[in-house]
Amino acid sequence: MRREHGKKPLQYPAAPHDKRRGFTLVELTLVTLIISIAFGVIIIRMDNLAPTFRLRKASRLIAAQIRLIQDECALDNRKLFLVYEMSEQQYWIEIPENDAESAYSFGEGERIGVEKMPPGVEIVEVLRPDNDRMLGQAKIEFTPTGESGSHIVHLRLRGEDYGDEDLLSVKFNSFSGLTSISEGHIEFERPPDAPTEAPTEDEE
């Protein structure tokens with residue numbers, strides 16, 4: 001094949017040099033170390049928050065049990081008991097053997113929906129509407145008409161490292177039919193005309 005005079009052969013540009021490079025072993029080790037430290041900090045913080053989560057979860061479960069017994073009383077048109085057993089840290093719905101009036105009594109009956117408190121959380125006490133403390137076992141009567149059942153459950157975290165700020169109160173008001181969860185220790189409000197206790201001789 002003849003080459004034409006006065007023309008140069010075609011020249012194609014060389015492929016550009018790829019200046020990118022991979023990570024070195026030192027860089028990969030450093031990144032892995034940073035991720036491990038960050039992950040460890042997150043785990044520690046979650047462990048510190050876990051008891052608080054368990055406390056709030058326990059209060060919500062009790063509130064749900066109260067709503068359940070309200071619905072069951074209305075649907076079945078019968079009296080039921082909500083029992084708190086503080087020695088075993090359990091609570092359940094109990095069906096009475098008869099329709100006799102036995103509010104806050106310790107009669108035998110069938111247990112429904114037994115719930116155990118989560119680890120590290122305990123029921124401290126249960127208050128009646130007159131703020132009378134019930135320890136050991138508390139048996140709250142619920143009726144179809146909804147005129148009874150008011151009470152407050154005090155929950156707290158176990159351990160010496162926890163104080164009053166690690167306490168929740170679950171309050172059920174039978175007049176409104178509402179259940180509320182509050183931080184700290186609460187009691188039923190005393191009526192304005194309620195008599196106050198007379199001072200003792202030591203206080204005088």
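The values are calculated or read from the model by the stated rules, or taken from the named source; none is laboratory data. Since the model is a prediction, treat every value here as computed from it, not as a measurement. Ideal geometry is used to build each Cβ from the backbone, glycine not excepted, and the neighbour counts take in all protein chains shown.
Quick notes on this one:
- Residues of region 154-190 that are in contact with a Ser or Thr (Cβ under 7 Å, 6 or more places away or on another chain) and not in a loop (DSSP other than H, G, I, E, B): H154, L155, L168, S169, V170, K171, F172, N173, I181, S182.
- D161 vs. criteria among the charged types (D, E, K, R), at pLDDT 90 or above and either out of contact with any Lys or Arg (no Cβ under 7 Å at 6 or more places or on another chain) or within 15 Å of Q70 (Cα to Cα) (or both): no
- Options I93, I35, I112; residue that is at pLDDT 85 or above and farther than 23 Å from R158 by Cβ: I93
- Checking each residue of region 43-59 against the condition of being basic (K, R), under 30 Å from L157 (Cβ atoms), part of a helix (DSSP H, G or I) and at pLDDT below 85 gives at least one match.
- Hey, A63 at pLDDT below 90, surrounded by 11 or more Cβ atoms within 10 Å (Cβ to Cβ) and under 25 Å from the mean Cα position of the chain (by Cα) or not: no
- Within region 65-80, the set of residues being more than 9 Å from T145 (Cα to Cα) and part of a helix (DSSP H, G or I) comprises Q65, I66, R67, L68, I69, Q70, D71, E72, L75, D76.
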